Amino acid sequence: MSSILIDKDILLDCLGITQENTSNSLKLIEFCKREDIKAWVSEHSVSEVCRVIAGSKNIKEFFNKLKDLLEIFGVLSLNKDNIFSAISRLDTDYWVSIQYEVAKQAGIKYIVTNSPHSYGGDSQNPEVLTPEAFMERVKEEEAGSIPPLDLKPELHQFWDEAQKGLGRVIFSTSFILGDTVKRFEEEFAKYCGVEHCIGVASGSDALLISLMAIDVGPEDAVITTPYTFFATAGSIARLFALPVFVDIDSATYNIDPNGIEKLIKESCYWDGEALWIESPDVRTSPLNPRYFPKRRRVKAIIPVHLFGQTADMERIMEIAKRYNLYVIEDAAQAHGAECWMVGSGPKRVGSIGHLGCFSFFPTKNLGGWGDGGAVTTNDPELAEKIRILRVHGSSPKYYHRFVGINSRLDAIQASVLLAKLPHLDTWIDKRQRVARRYMDLLSLNGRVQLPEVAGYVARHVWNQFVIRIKGDGKRDQVQKRLKERGIGTGIYYPLPLHLQECFSYLGYKEGDFPNSERASRETLALPMFPELREWEQEKISRELGEVL
Ligand SMILES: Cc1ncc(COP(=O)(O)O)c(C=O)c1O
């Protein structure tokens, strides 16, 4: 149960203008606050209420009260098509049709009013309920399903700003780059504590363009983890470079610096300026069937801050410095996460390596309403090159210094991200609260291994809450049983990258990275989002106890 549409009669009751059902209406508001249910009103209701206030004796007092109420409620308006659709329902009162259309447009399941009879009998979708009936329904629904991620409850927190921003972009008709993208880049750079941020089309492109900016190509190799989303290694292979995998630390799921040291010691050689690695015969690669240099220069490390927890950046930066390597942080899942660094205290991801790559895919802690990404850096030359690379390598326009790609953050996405960014820290705090509650609830369950927060992590931002369930096939069984009980979970990731079909040309085999392989078999991501409620977590914990 994430949101409801409140009828104007409840607004009038709460203001004290009508008093037939005041106590019910006030109870409803308190209930919504307590249960974290987002209440919306239609713009039409607000206009109606304003009209009534304007005809009353206490105009100022009522307007002030209305303002306070609208701090709690979100306001929804209708587009032209929905207005026409409301008008065309000749069998229903226009006012009632408007309420139905508003609720439908926003995917709201319930309209709450003290006079359901005025909505007629045909109220299946959305359903019309009195405050008492609605409160009862919530209790019944507590036995219902819990999705792995629900973005709806946070919508009304930034809806007004998003609408204003979208309106500005649309009416300016400046859809590509322009002021909105520039403003977001400045704000996000400030948030990450870096000099430069360059908006690109996705997190995958952020990685690809970052590698292009440091001239990674067929002569090069890049070290990364096999336990990550495909794009981390896909971007390396796309440039005909060699992905070299290093296993994860089994407690944090992040690349293990000891493993990087071991790889360098056992499989690389240092000529005083550069680090080299023998290249496997990659003639079978689907991407570069003709190119297989015998040795490649190791040019960079891509650590991934998986699930919202930073990799061990102090150690990784030290190794990179020793061997003249770039560090490209894959921070797609970790906006705002921080790592303790000797000498400078906690540092935000994206500001530690030479380049930081972010995704604004909707499921991320800062997600847009479509694809989006960004690269952050303190290096002015890399920043300039990335700005050029994202527009086909041209500077000035139509004069191409590099062979770049078309990869720009959409102005529409930038306006949504600008509306959401001021809420990010509050949402991270809420995610931390959810994580603490899980830790308390699940610590009693000896069969579940809880996530571990490493000592070097100054701020975990909990993009995912991932538990481990040991035993052959047990994790998949548990996921299936939870699904039957209405609890959605996720598996990140079921097959590590070194065992993916498209990377078979690299010559890795099962057993090469045991920690990643075990994680792929044992990990399960529980529902995690800022507005996940206490009773939902209690239910998840209870059900998990029963199905294990
Ligand atoms: C670790 C990691 N890297 C890269 C990406 C790619 O980001 P995008 O989906 O925006 O291309 C993702 C997104 O899922 C990710 O989780």
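No lab work stands behind these numbers, since they all come straight from the coordinates. Predicted model, so just to flag it, every value in this text is computed and none were measured. Here Cβ is always computed from backbone atoms with ideal geometry, including for glycine, and neighbour counts include all displayed protein chains.
Pull out a ≥ b ≥ c, the square roots of the eigenvalues of the alpha-carbon gyration tensor of the stretch 160-266, then state rounded if a/c is under 1.5, prolate if not and a/b is larger than b/c, and oblate in the remaining case. In terms of gyration-tensor shape, prolate.
Modelled this way, with points 7 Å down the Cα-to-C-beta line, the labels at Thr284 and Ile59 are 8.2 nm from one another. Just going by the charge dipole of the stretch 423-547, with Lys and Arg at +1 and Asp and Glu at -1 on Cβ, which of Ile491, Gly511, Pro530 is farthest out on the positive end? Final value for the positive-end residue is Pro530. With a Förster radius of 41 Å applied to the beta-carbon distance between Ile83 and Gln500, the computed FRET efficiency rounds to 0.25.
Across q = 0.14, 0.22 Å⁻¹, the stretch 1-138 modelled as identical point scatterers on its alpha-carbon atoms has Debye log10 I(q)/I(0) values of -0.61, -1.47, in the order of the q list. In percent, rounded to a whole number, the relative contact order of the stretch 423-547 is 35, using alpha-carbon pairs under 8 Å and six or more apart. A Förster radius of 51 Å, combined with the Cβ-Cβ distance separating Ile176 from Ile319, puts the computed FRET efficiency at roughly 0.80.
Computed extension length for Leu149-Glu384: 80.9 nm, one decimal, from 0.36 nm per residue of separation with the Cα-Cα distance subtracted. Fully extending the segment from Glu195 to Lys509 would add 108.8 nm, taking 0.36 nm per residue of separation and subtracting the current Cα-Cα distance.
In whole percent, what relative contact order does the stretch 363-425 give with Cα contacts below 8 Å and a gap of six or more residues? That works out to 37 percent.
Its Cα centre serving as origin, the chain has a Cβ charge dipole (Lys and Arg +1, Asp and Glu -1) of approximately 820 debye. Using just its DSSP H runs of length 4 or more, each adding -39500 (n - 2.57), the chain gives a mean residue ellipticity at 222 nm of -13000 deg cm²/dmol after division by all residues.
State whether the stretch 176-422 is rounded, prolate or oblate according to the following rule on the C-alpha gyration tensor (a ≥ b ≥ c being the square roots of its eigenvalues): a/c under 1.5 gives rounded; otherwise a/b larger than b/c gives prolate, and the remaining case gives oblate. It is oblate, given that a/c is not under 1.5 and a/b is not larger than b/c. Loop-located trypsin sites (Lys or Arg not before Pro) across the stretch 315-400 with a Cβ neighbour count of 11 or fewer within 10 Å are Lys397, with loop assigned by DSSP. An ellipsoid equivalent to the chain, defined through the eigenvalues of its Cα gyration tensor, has semi-axes of 49, 28, 20 Å when rounded to whole angstrom and sorted largest first. Its relative contact order, with pairs defined as Cα atoms under 8 Å and 6+ residues apart, puts the chain at 15 percent. Placing unit charges on the Cβ atoms of the charged side chains and taking the dipole of the chain about its Cα centre, the candidate lying farthest along the positive direction among Leu382, Thr310, Pro147 is Leu382.
In plain terms, the chain is cut at each of the chymotrypsin sites (Phe, Trp or Tyr not before Pro) found in a DSSP loop with at most 11 other Cβ atoms within 10 Å, and the longest leftover piece is 1-397.
Projecting the Cα atoms of Asn24, Leu129, Val75 onto the charge dipole of the stretch 3-141 (Cβ charges, centred on the Cα centre) puts Val75 farthest toward the positive pole.
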